[in-house]
Amino acid sequence: MTEKELHEAFASNIKRYRAGKFTQETLAEKIGISYQAINAFEGKRRFPSPDTLVKIANALNVEVYQLFIPQDKTPVVIEETPENEKIRAQMTDEIVEEIRNGVNKMLDKIKKESI
């Protein structure tokens, strides 16, 4: 999956998971950010910080990794067991760390281009 595909999956999944539950404004208010930020995420103009990413997933009642599954892929349903919850938490931490690294790389690239 390319960075562009990741960004597209994320943007479309926020829209999909908030449909019928939240407007951009109510989701933003729930997680403590501006609705313009949600609009920028859905418009693929910005990417959230790792902390905001976790808040978005929690507000939408999904796991962080689910925000990155392309819509043409069928999500896997995982049985709720203590072992699976431990694995899910570990995977979420790893995904958040990978996203953090990716965001930092993008920010470094933007900084270099603006100099």
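Can you name every residue in the stretch 67-90 that is surrounded by fewer than 14 Cβ atoms within 10 Å (Cβ to Cβ) and part of a helix (DSSP H, G or I)?
The answer is Pro82, Glu83, Asn84, Glu85, Lys86, Ile87, Ala89, Gln90.
Can you name the residue in the stretch 13-33 that is open to solvent by 60 Å² or more (accessible area, probe 1.4 Å) and either over 16 Å from the mean Cα position of the chain (by Cα) or of a type in the set (A, V, I, L, M, F, W, C) (or both) and, of all such residues, is nearest to Asp51 (Cα to Cα)?
From the stretch 13-33, those open to solvent by 60 Å² or more (accessible area, probe 1.4 Å) are 15-16, 19-21, 23, 25-26, 29-30, 32; that's our starting set.
Those still in the list that are either over 16 Å from the mean Cα position of the chain (by Cα) or of a type in the set (A, V, I, L, M, F, W, C) (or both) too: 19-21, 23, 25-26, 29.
Details: Ala19: 22, Gly20: 24, Lys21: 21, Thr23: 21, Glu25: 19, Thr26: 18, Glu29: 15 Å.
Only one residue fits best here, namely Glu29.
Out of the stretch 35-63, which residues are open to solvent by less than 60 Å² (accessible area, probe 1.4 Å) and aromatic (Phe, Trp, Tyr)?
Phe41, Phe47
The values are calculated or read from the model by the stated rules, or taken from the named source; none is laboratory data. Just so it is clear, the model here is predicted, and its values are computed rather than measured. In this analysis, Cβ positions are derived from the backbone assuming ideal geometry, glycine residues included, and neighbour counts consider all displayed protein chains. The protein model used for the area step is the full one, side chains on, heavy atoms only, and it has no ligands, DNA or RNA in it. Shrake-Rupley method; radii C 1.70, N 1.55, O 1.52, S 1.80 Å.
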